[in-house]
Amino acid sequence: MRKARLSAVILTVLAAVSGACDRKALAPVAPAGPVTAVEPAPQPVRGTLVFLGDSLTAGLGLSKEQAFPALIEAHLKSEGRPWKVVNAGVSGDTTAGGAARLDWVYRQKVDLLFVCLGANDGLRGIPVAETERNLKAILDRARREGSQVVLAGIQLPENYGPDYRTAFAGIFPRLAKAYQVPLLPFLLEGVAMDPRLNQPDGIHPNAQGAHVVADHVWTALDPVLRRSN
């Protein structure tokens, strides 16, 4: 009789344990919390690159993203080189206007200054000596501020006369040599006078032309940027 009672007790306990296990197995599992993606730590900016220019730099007739300085910035980012790029192009600007804006430009530290001014001087027939004097002021300021410089040259259409065109074109290599800065001989190399690469005005590059300009500018900029890393 005692054995029967003991067996009944054991069976009751086993049944209770089995039921608890079944209930535990069937109980809904609480969902895990949301998975938060871990963003990679941003790389520190290696320096500031400023494009000081006119409408060719500002990207007249193009969106902000299509202007050649923005294309240079995108290329740097694609290579994991986080430079801060500032498009300081102002449509209609002359070398005098660029020199007058230097206080604004140098409100920040400028590691590399790309100077592409002079087109509007030439188109307005401003005396060559005046244009050269303004560019010297820009280069002198960059030197005092400790900025590296790349200078871009401009060539004028043939209808401006051979004497003025020759004198004007001579400004840029002369200054590059005097200040020992890299020279991009002609900003619009491969783009000027090509209707496929210019807007209807025949002066300002279209989106496709801006890519050609950016590739051309990159050849002069990249070696300087690498030395600055």
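Please treat every number below as a calculation from the coordinates, not as lab data. For clarity, every value in this text was computed on a predicted model and none was experimentally measured. Cβ: placed from backbone, ideal geometry, glycine included. Neighbour counts: every protein chain shown.
For the stretch 143-229, what class follows from the C-alpha gyration tensor (a ≥ b ≥ c being the square roots of its eigenvalues): rounded when a/c is under 1.5, otherwise prolate if a/b is larger than b/c, else oblate? Walk me through the numbers before you get to the answer.
On the way: a/c = 3.07, a/b = 1.28, b/c = 2.39.
Oblate.
Which shape class, rounded, prolate or oblate, goes with the stretch 48-228 when its Cα gyration tensor gives a ≥ b ≥ c as root eigenvalues, a/c under 1.5 marks rounded, and past that a/b bigger than b/c marks prolate? Here the stretch 48-228 falls in the oblate category. Here LYS84 is the anchor, and the aspartates and glutamates within straight C-alpha reach of less than 17 Å, apart from those fewer than 8 places off in the same chain, are GLU65, GLU73, ASP111, ASP222. Straight-line cross-link reach from LYS109 at under 14 Å between alpha-carbon atoms covers these aspartates and glutamates, not counting any fewer than eight positions away in the same chain: GLU145. The stretch 155-229 and the stretch 46-74 have Cα centres lying 14 Å from one another.
Couplings 3J(HN,Hα) for the stretch 50-60, derived from phi with the Karplus relation 6.51 cos²θ - 1.76 cosθ + 1.60 (θ = phi - 60°), are 10, 9, 9, x, 10, 5, 5, 7, 4, x, 3 Hz, where x marks Gly and Pro.
3J(HN,Hα) couplings calculated from phi for the stretch 154-171 with the Karplus curve 6.51 cos²θ - 1.76 cosθ + 1.60 (θ = phi - 60°) are, in sequence order, 10, 10, 9, x, 5, 6, 8, x, x, 5, 5, 4, 5, 5, 5, 4, x, 4 Hz; Gly and Pro show x.
Straight-line cross-link reach from LYS177 at under 19 Å between alpha-carbon atoms covers these aspartates and glutamates, not counting any fewer than eight positions away in the same chain: GLU130, GLU132, ASP140. Extending 7 Å from the Cα toward the beta-carbon at both TYR164 and ASP194 defines two label points whose distance is 2.7 nm.
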